[in-house]
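Report on the structure given below.
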Amino acid sequence: MRLSLQHLRLHRRTLHSTSALFYLSQRLVPNNRTPLPPDIPRFARARRPSLTGPKTIPLSSMLKIPFISAWFSSSNKNTDSMEFPDKRTDEEWQAVLTQEQFRILRNKGTEPPGSGKYDKHAPSSGLYECAGCSAPLYKASHKFSSGCGWPAYFDSIPGAVTRKEDRSFGMSRTEILCSNCGGHLGHVFKGEGYRTPTDERHCVNSISLRFTEDEGKLGEVKQGDKKEEGK
């Protein structure tokens, strides 16, 4: 079958876009201890993928593109069936949270890597609370530097964090939620080789957290780490 010149050009552009997207995906997926790059290829303008000196745009801008932002989020809607002590409705949450807090805590979004205020925050004492309900989640001593672009903790306050299987976007991950309100915190990863007591990395959005130097709330949480039923 003979193809017109217009069809051949369209076919070539499609191949270039597919190759560029594959290259983009390799740049977006971090290794265990390799920070995400500060910029990524401007594939929309590339005539062909290049490994040397690609044109770039900030990652924060790329995350505004729907299908790319989905890679950094969770669509684990099974959380809606879980019960939490704080039972506020979406309307009530919208009244007390900022638009970005609501997007991440209630709609399971993710902030761009390296953009969070607590990414490189390293206090000697204090607590990290849920930005939604103020429940204590992590101690300052749990935090470590992972180089991943988000705050990292090797453990949580007992009973403060609920784990939930997340199979969104064809991946198998473990989502972590505030045990008091069900707010989305991020995901937990194990066996990455970090020299921590648990060999776990709680990868948490800064926007999901609020830091306080007051450790008085620590005694209020006494339960064991809550896990998904049947796991």
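The values are calculated or read from the model by the stated rules, or taken from the named source; none is laboratory data. The structure displayed is predicted, hence computed values, not measured ones. As a convention, Cβ positions derive from the backbone with ideal geometry for all residues, glycine included, and neighbour counts pool all protein chains shown.
Quick check on segment 158-192: of everything there that is among the aliphatic types (A, V, I, L, M) and within 25 Å of residue 217 (Cβ to Cβ), which residue is surrounded by the most Cβ atoms within 10 Å (Cβ to Cβ)?
185
Give segment 130-154 a look and list any residue that's part of a loop (DSSP other than H, G, I, E, B) and either in contact with a Lys or Arg (Cβ under 8 Å, 6 or more places away or on another chain) or farther than 22 Å from residue 192 by Cα (or both), or say none.
131, 132, 133, 134, 135, 145, 146, 147, 148, 151, 154
Just the residues that are among the hydroxyl-bearing types (Ser, Thr, Tyr) and buried (at least 19 other Cβ atoms within 10 Å of the Cβ), please, taken from segment 80-130.
110, 118, 128
Looking at 87, 108, 77, which one is touching a His at 6+ places or on another chain (Cβ under 6 Å), charged (D, E, K, R) and either at pLDDT below 95 or farther than 15 Å from residue 152 by Cα (or both)?
Of the residues listed, the single one that is touching a His at 6+ places or on another chain (Cβ under 6 Å), charged (D, E, K, R) and either at pLDDT below 95 or farther than 15 Å from residue 152 by Cα (or both) is 108.
Checking residue 146 against (1) among the polar types (S, T, N, Q); (2) within 24 Å of residue 88 (Cα to Cα); (3) crowded, with 18+ Cβ neighbours inside 10 Å, which single condition isn't satisfied?
(2)
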